Amino acid sequence: MRGIRPFTATALILGLLFLYLPILWVVLLSFNESRLLTRFEGFSLRWYQALFSDPALLAALGRSLLIALAAGVIAVIIGTLAATALARFPRFRGRALLAFLSSAPLVLPEVMLGFGALILFVSLERLIGWPAGRGMMTIILAHTLLAAAYVTVIVQSRLAGRERVLEEAAMDLGADPLRAYLLVTLPSIAPALIAGFLIAFTLSLDDLVIASFTAGPGATTLPMAIYSKLKLGLSPEINALATLLVLTAALAVSIAAWSLARRR
Amino acid sequence: MSEALLVLRGLSKRFGATAAVDGVDLEILPGEFFALLGGSGCGKSTLLRLIAGLERPDGGAILLEGRDITREPPYRRPLHMMFQNYALFPHLTVAENIAFGLRRQGWRTPAIAARVEEMLALTHLTELAQRKPHQLSGGQQQRVALARALAPRPRLVLLDEPLSALDRKLRQAMRTELAAIQREVGITFIIVTHDQEEAMSLASRVAVMDKGRILQVDRPQALYERPRDRFVASFIGQVNVLAGTFRSDGGRLLFDCPALGACFQIAEPLPGARTLAIRPEKLRLADPSGPRLPNHFRARVESIEYRGENSLIRLEAGALSLLALHVHRDRRGDEDPPIGAEVCLEFGPADAFLLPD
């Protein structure tokens with residue numbers, strides 16, 4: 001901290017407090033003895049115990065993780081393909097349309113995305129009988145829709161530069177275009193793929209709006225479970241759950257940062 | 001001359017309305033170190049990419065060892081390129097980078113290991129075999145790129161501005177090393193460069209390019225001493241250009257220069273020529289006791305740029321502005337003349353050359 005002036009230091013500390021105080025507060029309260037959410041009355045792990053003996057909440061957590069994983073993987077595949085098309089082929093019919101459509105979900109209100117997806121799923125079920133009812137599958141599809149747009153933008157910016165030359169070098173050394181892509185392009189954009197996956201994963205994990213529209217009976221995700229508990233009165237076990245989620249997210253971000261730093 | 005390794009016939013490539021490469025004919029001999037020299041945008045890099053197969057020509061043919069490879073994709077051509085910024089694979093180690101081409105050609109594992117060892121030794125990279133490219137200095141990256149291109153024993157190696165990313169001192173050292181490596185492996189090199197010194201010192205033959213065309217192909221000495229083109233004469237080194245008329249009088253070859261009010265004897269004829277060119281170092285300050293060479297004229301010293309081993313003297317003669325390089329051979333007699341002094345300049349008949357218009 002040497003060389004930082006008092007004003008800068010104060011601004012930094014206030015800024016960090018503003019960002020992280022709510023999270024720290026939740027972490028602190030998760031170890032609270034009291035049932036009251038607003039007063040700290042001594043250290044205890046009872047809410048963690050309560051959390052791990054609440055099957056409904058644990059099932060929702062498992063479901064959410066599974067949905068986030070599936071949506072993340074599919075979004076990375078679709079987003080990478082779209083980004084490759086956009087970065088590699090400067091001119092083809094419908095390029096401008098694809099560029100627009102692939103990034104539109106970024107700015108569309110989630111309510112519209114969720115509602116649109118719901119209407120589509122219902123109509124499809126009537127027309128071709130698939131998807132049969134709403135459940136995890138429909139949530140995964142709707143989340144993929146949003147997450148793929150983010151992945152496309154991240155991967156495309158990465159593909160625009162150096163990787164073209166690397167592909168040329170690979171082809172010059174005897175790799176056909178498919179091998180050049182698999183052996184050189186994909187590994188060298190791996191940091192972007194990891195970052196894209198993590199963003200997709202996180203988006204899906206904390207999404208409430210789209211999931212509420214596209215979920216069916218028995219497909220309650222974690223944010224939906226938390227939200228419904230809010231209506232019945234919050235219990236401090238939510239704090240314990242939030243603390244665990246924060247820990248998981250921090251771990252994921254650290255892994256991503258470490259892998260990015262190692263690559264460069 | 002019949003056994004050319006690479007033959008280019010009327011090769012052309014257009015980008016939109018501009019012709020990047022415009023009807024290039026060229027023959028490269030086996031084992032030679034060939035340079036494509038020209039300013040930026042002259043088409044030299046595009047020509048290299050056409051040979052590598054990274055661009056498709058609009059017209060013409062490329063023959064390698066007599067086989068037409070014009071339509072072959074880059075990955076089927078037995079030649080490799082060293083890219084300008086090396087294009088090393090960032091996720092692979094030095095050894096894996098070098099092995100990349102060998103694996104694609106289906107070499108067996110023990111053979112790959114042996115060849116990689118050999119290439120590492122050749123380029124002094126043995127200790128760095130397990131490093132990643134970003135852990136290497138510019139000079140080391142450059143050697144990896146060269147080793148990677150040489151490893152699969154290509155018929156031809158193409159080098160796109162191989163030394164331009166290095167600083168001046170390192171460039172000098174790498175130039176010497178590059179020449180030594182080429183001699184050792186005996187593989188044909190084609191280098192693209194904008195640096196005339198690099199082209200002249202490395203290559204056995206140089207092609208000078210401008211606006212997508214090859215103006216002259218020759219040994220470096222011939223390019224410098226007897227350029228056949230105005231652009232070539234002024235692109236390589238510095239040159240004084242005198243306007244006038246060439247005539248042959250009896251057995252003597254003469255050049256009338258009205259601007260200097262002089263008539264010079266020259267050694268090589270070029271009928272119809274109206275330009276005489278002379279390099280600054282061929283223009284000598286005559287001894288005060290009087291000129292000894294047949295061609296001489298008077299001029300006034302405008303400015304002097306002292307550079308240690310020599311001085312570049314800017315002179316004025318009538319309306320003409322000229323350059324003379326005064327070499328400091330010994331301390332007593334070779335002092336530079338004072339600025340503003342009237343001096344006598346001289347040159348021999350073989351020191352100047354005529355240029356076509």
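Table for the structure above
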read-out: Strands (runs of 3 or more DSSP E) wholly inside the stretch B:29-126 containing at least 1 residues that are touching a helix residue (DSSP H, G or I) at 6+ places or on another chain (Cβ under 7 Å) and either facing chain A (nearest Cβ under 9 Å) or modelled with pLDDT under 95 (or both); value: B:79-82
read-out: Residues satisfying the stated conditions in the stretch B:230-267, i.e. modelled with pLDDT of 90 or more and among the acidic types (Asp, Glu); value: B:ASP256
read-out: Candidates A:LEU51, A:LEU81, A:LEU69, A:LEU58, filtered to the one that is outside any strand (DSSP E or B), surrounded by 16 or more Cβ atoms within 10 Å (Cβ to Cβ) and under 20 Å from the mean Cα position of the chain (by Cα); value: A:LEU69
read-out: Candidates A:THR84, A:THR80 - the one that is within 27 Å of A:ALA142 (Cα to Cα) and modelled with pLDDT under 90; value: A:THR84
read-out: Test result for A:ALA200, surrounded by fewer than 21 Cβ atoms within 10 Å (Cβ to Cβ), over 27 Å from B:LEU79 (Cα atoms) and away from chain B (no Cβ under 14 Å); value: no
read-out: Residues of the stretch B:167-201 satisfying the condition of being farther than 22 Å from B:GLY41 by Cα and of a type in the set (D, E, K, R); value: B:ASP167, B:ARG168, B:LYS169, B:ARG171, B:ARG175, B:GLU177, B:ARG183, B:GLU184
read-out: Conditions (1) within 14 Å of chain A (Cβ to nearest Cβ); (2) within 30 Å of B:ILE98 (Cβ to Cβ): number failed by B:PHE15; value: (2)
read-out: Filter result (away from chain B (no Cβ under 11 Å), more than 26 Å from B:GLY106 (Cβ to Cβ) and surrounded by fewer than 21 Cβ atoms within 10 Å (Cβ to Cβ)) within the stretch A:162-194; value: A:LEU193, A:ILE194
read-out: Tally, over the stretch B:303-323, of residues that are without any contact (Cβ under 8 Å) to a residue 60 or more places away in the chain and in a strand (DSSP E or B); value: 13
read-out: Residue match in the stretch B:143-157 (condition: within 11 Å of B:PHE33 (Cα to Cα) and surrounded by 15 or more Cβ atoms within 10 Å (Cβ to Cβ)); value: yes
read-out: Condition broken by B:ALA277, with the remaining ones in (1) aliphatic (A, V, I, L, M); (2) crowded, with 17+ Cβ neighbours inside 10 Å; (3) over 23 Å from B:THR245 (Cα atoms) satisfied; value: (3)
read-out: Number of the exception - B:GLN142 against (1) in contact with a Leu (Cβ under 7 Å, 6 or more places away or on another chain); (2) over 24 Å from B:MET200 (Cα atoms); (3) part of a helix (DSSP H, G or I); value: (2)
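The values are calculated or read from the model by the stated rules, or taken from the named source; none is laboratory data. Since the model is a prediction, treat every value here as computed from it, not as a measurement. For neighbour counting, all protein chains shown are included, and Cβ atoms are generated from backbone atoms with ideal geometry for every residue, glycine included.
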